[in-house]
Amino acid sequence: MTIHQHRDKIARSISWGHWFTFANIFLALLIGSLYFNSASTTGSTLARVYLVVSWLGHFAFLPFMFFIILLFPFCLAFPYSRFLRGLGALIASFTLFALLLDAVFFQYYQFHLNSYAIAQLATDAEEWLSGGSFILLIAAILSFLGIFAVQILITNVTWKKLDKLRQMRTLRVMPAVFVLSFFLSHSIHIWADATLFKPITQQDDLFPLSYPSTAKSLMTRHGWIDMASLNRQHSEAVANATTRLRYPLNPLLCARQSHANPTLFVVFERLTAAQTQSLQTALPQLQSFNGTLLGHPQATAGFFQFSYGIPDRYLEVFNQQAITPAYLATLNDLDYPLQWSASSHFNNQALPFALRALTLNNTPPTIHANGVSVVFANANDLNETIEHMKAVLAIQPKTAIFVTAVAPQTLPLDKRAQVDASTVAERLAVPLLTVNVTIYPKRQLAQLNDLLPTALSMYMSCADDNRSFSNGMHLNSPSQGYPRVTSINPNIYLFESDKTSVLNANGDVVVYDNDGQIIDGAQPTTTVLIQGLNELQRFSAPQRKR
């Protein structure tokens, strides 16, 4: 073979590689359109434009980069058509199959594939149905073979029709469209990042292997943005991020439950084992919850979690905006009054801001024929609260009574105290004593945010149960209580029946077994993790489409 013939073969191989890559760009765009279902543009026209140009630019860029890195060197060094076509078909099949698998995975789990995720997907498939991992494997193999067959067809067609493809002028504009979209999307993102335009920046993790450009320093240096203004906007954006609420999620559409008995909550800040025993001795009717009720190491956050039925991450914004519980107006409309009161030595400053004005200090609560009474109590007033409960039961023997504490006694009062993650369930456990309350016998785990929704279900029946105003789960619902997620800022605790996972602010995860020992290399169940995180942020951000 002469040098001229060798050069022609190289040129033909490179030309074929371009057209082969061009065909795969359209396949990548087709698969990439699946991510649109998970996109959130928050009604912004600019965000939708960015989504489209980002999609065009990113999924055109990925196949081109794979061609440059994996196929182009072989076009130069080994320009033989059969070898190149086979190699190209294999490379494109593996990459498109990985993209398809990631797109499908992202639909359900809302994060991109990694080595852990693939293994966990097989585990979850076994939980969904018997032999699920085998069915998943067969589906993956068939999908790959289907993509490989398409690639073989594309390699042959592009090679045999290469001369005709070279003469097609109408398609030559497409590379310019892709290049323009690529640079336009990054330029828009630079502006959005600099001006903190969230409808665009919240799309950063939508596409795989996507790293949008940021250039605050460059724009500041050239005077395109003012750094002082940027810092002020950043502070405002952080504040808005913490105050952006969807509470309640929907208007409460509730019907009145008739013939409901009164309910009394006695909620202590802390109770020792001896004080709990004194309660049971004075009131033998009190039944102890056989499972574990999780309190909160910070009493203020615990009172919030009990009163509102939602995680502690919302405490600051609720205090800032003095938001009252969403169910109060509905209860009043249904003629079931709710009265807040406090014992003699109780400090109202421990309560959420909006409840401080509603809570009556040193005033015995009225014993209603129906409705709910909540008494916030200090352990120094134990005898006072015992006498009140006796009086209530003497007048209304069918009164449902809940006695609990929001913070475990074993933890120090310092709000910065760290929970010992290896024994988190035991360290967070608080007592729960009840009278005339039905709790599902197999219930093993409960949280403070379960208590009020359980009682309110006796007074009103809502269209979406308590989902619009609480993360709580009724104690009488047929569930063991697992899995559950709770936040103790800045950490997140994920409780499963066989393990407890602790996620810190840096994204690190430590998993403990039921004996408190670290499980090396273990991870929380993917579906449980994603559902738990979605549950924690349910009242602060729109849910992604499923």
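Quick notes on this one:
- Test result for D465, at pLDDT below 95, in a loop (DSSP other than H, G, I, E, B), acidic (D, E) and surrounded by 15 or more Cβ atoms within 10 Å (Cβ to Cβ): yes
- Look at (1) more than 20 Å from T454 (Cα to Cα); (2) part of a helix (DSSP H, G or I); (3) in contact with a helix residue (DSSP H, G or I) (Cβ under 9 Å, 6 or more places away or on another chain); (4) not charged (D, E, K, R) and you find that Q305 fails only one, number (1).
- Of everything in region 447-471 that is of a type in the set (A, V, I, L, M) and more than 20 Å from L428 (Cβ to Cβ), the residue that is nearest to the chain's Cα centre (by Cα) is A463.
- Residue ID - farthest from L209 (Cα to Cα), chosen from residues in region 1-17 that are in contact (Cβ under 8 Å) with a residue 40 or more places away in the chain and of a type outside the set (S, T, N, Q): H6
- Among the residues of region 36-58, the ones that are buried (at least 20 other Cβ atoms within 10 Å of the Cβ) and modelled with pLDDT under 90 come to 1 in all.
- Set P63, P73: member being within 30 Å of W191 (Cβ to Cβ), over 26 Å from the mean Cα position of the chain (by Cα) and free of Cβ contacts under 8 Å to residues at least 60 places away in the same chain: P63
- For the residues L475, L456, L494, L452, the requirement of being within 30 Å of Q339 (Cα to Cα), at pLDDT 90 or above and touching a strand residue (DSSP E or B) at 6+ places or on another chain (Cβ under 7 Å) singles out L475.
- Scan of region 19-42 for residues that are touching a residue at least 40 places away in the same chain (Cβ under 8 Å) and more than 30 Å from W159 (Cα to Cα), ordered by number: Y35, N37, S38, A39, S40, T41, T42
Quick grid of which residues meet (1) among the polar types (S, T, N, Q); (2) touching a residue at least 12 places away in the same chain (Cβ under 8 Å); (3) out of contact with any His (no Cβ under 6 Å at 6 or more places or on another chain):
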position: T281; (1), (2), (3): yes, no, yes
position: Q285; (1), (2), (3): yes, yes, yes
position: F289; (1), (2), (3): no, yes, yes
position: A299; (1), (2), (3): no, yes, yes
position: F303; (1), (2), (3): no, yes, yes
position: R313; (1), (2), (3): no, yes, yes
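One line per residue, one yes/no per condition, for (1) modelled with pLDDT under 85; (2) out of contact with any Cys (no Cβ under 8 Å at 6 or more places or on another chain); (3) surrounded by 14 or more Cβ atoms within 10 Å (Cβ to Cβ):
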| site | (1), (2), (3) |
| --- | --- |
| F66 | no, yes, yes |
| R85 | no, yes, yes |
| L96 | no, yes, yes |
| V104 | yes, yes, yes |
| H112 | yes, yes, yes |
| A125 | yes, yes, yes |
| G131 | yes, yes, no |
| I141 | no, yes, no |
| F148 | no, yes, yes |
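- Looking only at residues in region 235-254 that are more than 15 Å from L536 (Cβ to Cβ) and outside any helix (DSSP H, G or I), the one that is modelled with the lowest pLDDT is N250.
- Residue check for A273: touching a residue at least 60 places away in the same chain (Cβ under 8 Å), closer than 25 Å to P441 by Cβ and loosely packed, with under 15 Cβ neighbours inside 10 Å: yes
- Qualifying positions in region 426-442 - within 10 Å of L293 (Cβ to Cβ) and under 27 Å from the mean Cα position of the chain (by Cα): L428, A429, V430
- Filter result for T214 (in contact with a His (Cβ under 9 Å, 6 or more places away or on another chain) and at pLDDT below 85): yes
- Count of region 308-327 residues which are part of a helix (DSSP H, G or I) and touching a strand residue (DSSP E or B) at 6+ places or on another chain (Cβ under 6 Å): 2
- For region 497-527, taking the residues that are outside any loop (DSSP other than H, G, I, E, B) and modelled with pLDDT under 80, the one that is farthest from K442 (Cα to Cα) is identified as T526.
The values are calculated or read from the model by the stated rules, or taken from the named source; none is laboratory data. Quick caveat, the model's predicted, so the values are computed rather than measured. Heads up, the Cβs are rebuilt from the backbone with ideal geometry, glycines too, and the neighbour counts pull from every protein chain shown.
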